[in-house]
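Student: What follows is a structure written as structure tokens; I'll ask about it next.
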Amino acid sequence: MDFVVILSFLSTAVILTLAPGPDIIFVIAQSISQDIKAGITTACGLCTGLLVHITAATIGISAVIYQSSAAFSFVKYAGAVYLLYLAWHAFRNKEQAVFSARSTSIIHYKDLYKKGIIMNLLNPKVSLFFLALLPQFTNTSNGSVALQMLGLGLIFLIQAFLVFSTVSLLAHKAGTFIRNNPAFSRQMNVIQGTLFTLISLQLLLTQK
């Protein structure tokens with residue numbers, strides 16, 4: 001692929017990754033309320049989900065989901081329900097400081113990784129995003145379109161992880177005061193619950 005095309009795609013990818021959305025908000029919330037490892041673990045989960053979306057777009061599964069109203073609605077509603085479950089869990093623990101000894105346990109990090117994967121997979125907007133974006137940067141004269149889409153998808157995946165990790169680091173530093181203040185720390189659960197609720201509503205309003 002042409003270097004200019006790759007550079008153009010990379011610039012577009014970074015801008016879109018930084019745009020306010022469920023993924024980056026989730027990374028920020030975990031980095032502030034827990035620690036930088038929690039944020040990066042969440043990023044790893046989200047990027048694992050991205051890998052599935054990239055593969056699906058490359059081999060045509062995303063197109064099938066887009067064409068099927070039932071499949072699209074199922075993914076959308078399942079994602080909204082999952083986000084509302086996370087919101088309920090956060091509101092239920094609103095009196096507890098989010099930064100606790102449990103946040104350093106292996107089980108907790110595994111849970112965050114799984115949450116990242118599920119959140120990303122159950123967001124149909126991600127599938128539609130790759131389905132719409134990747135083909136615009138391919139050219140039949142450069143060989144297999146599928147391989148070009150896969151290559152662009154991997155570029156997107158790498159930059160997404162780097163962006164999420166950088167955001168996680170900055171959010172962690174900004175949240176030092178919150179984590180050291182029990183009163184503010186307890187409010188983080190309410191903030192997270194509110195964010196998850198708003199994101200779920202946004203997802204419900206998603207149209208093909």
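The values are calculated or read from the model by the stated rules, or taken from the named source; none is laboratory data. Just so it is clear, the structure is predicted and the values come from calculations on it, not from any experiment. Cβ sites come from the backbone with ideal geometry, for glycine too, and all protein chains shown count toward neighbours. Surface accessibility is based on the protein's heavy atoms, side chains included, excluding ligands, DNA and RNA. Shrake-Rupley method; radii C 1.70, N 1.55, O 1.52, S 1.80 Å.
Student: Determine the pairs where a residue that is under 9 Å from residue 120 (Cβ atoms), located within the stretch 48-61, has a partner that is surrounded by fewer than 20 Cβ atoms within 10 Å (Cβ to Cβ) and not β-branched (Val, Ile, Thr) with Cβ atoms under 7 Å apart, the partner being 6 or more residues away or on another chain.
Tutor: Note: pairs meeting the criteria are 50/157.
Student: Which one of 3, 9 is in contact with a Phe, Trp or Tyr (Cβ under 7 Å, 6 or more places away or on another chain), over 19 Å from residue 122 (Cβ atoms) and not aliphatic (A, V, I, L, M)? Even if it seems obvious, please write down each step before you answer.
Tutor: Details: 3 fails: in contact with a Phe, Trp or Tyr (Cβ under 7 Å, 6 or more places away or on another chain).
Selected residue: 9, the only one of 3, 9 that is in contact with a Phe, Trp or Tyr (Cβ under 7 Å, 6 or more places away or on another chain), over 19 Å from residue 122 (Cβ atoms) and not aliphatic (A, V, I, L, M).
Student: What are the residues in the stretch 83-116 that are of a type in the set (D, E, K, R) and at pLDDT below 85, if any? Step through it out loud before you land on a result.
Tutor: First, pick out the residues of the stretch 83-116 that are of a type in the set (D, E, K, R): 92, 94-95, 102, 110-111, 114-115.
92, 94, 95, 102 - these are the residues of the stretch 83-116 that are of a type in the set (D, E, K, R) and at pLDDT below 85.
Student: Also, quick follow-up: Here's a check for you: in the stretch 106-164, which residue that is over 23 Å from residue 21 (Cα atoms) and of a type in the set (Val, Ile, Thr) is least open to solvent (accessible area, probe 1.4 Å)?
Tutor: 138
Student: While we're on this one: For residue 154, work out the one condition from (1) modelled with pLDDT of 85 or more; (2) under 24 Å from residue 33 (Cα atoms) it doesn't fulfil.
Tutor: Failing condition for residue 154: (2).
Student: Quick test of your reading of the structure: residue 170 fulfils all but one of (1) at pLDDT below 90; (2) more than 16 Å from the chain's Cα centre (by Cα). Name the failing condition by number.
Tutor: The single condition residue 170 does not satisfy is (1).
Student: Sort through 80, 57 and tell me the only one that's more than 25 Å from residue 109 (Cα to Cα), assigned to a helix (DSSP H, G or I) and at pLDDT below 90.
Tutor: Values: 80 fails: more than 25 Å from residue 109 (Cα to Cα).
Unique residue meeting the criteria: 57.
Student: Here's another thing I want to ask about it. Can you work out which of the residues in the stretch 30-49 that are open to solvent by less than 10 Å² (accessible area, probe 1.4 Å) and under 17 Å from residue 129 (Cβ atoms) is farthest from the chain's Cα centre (by Cα)?
Tutor: 49
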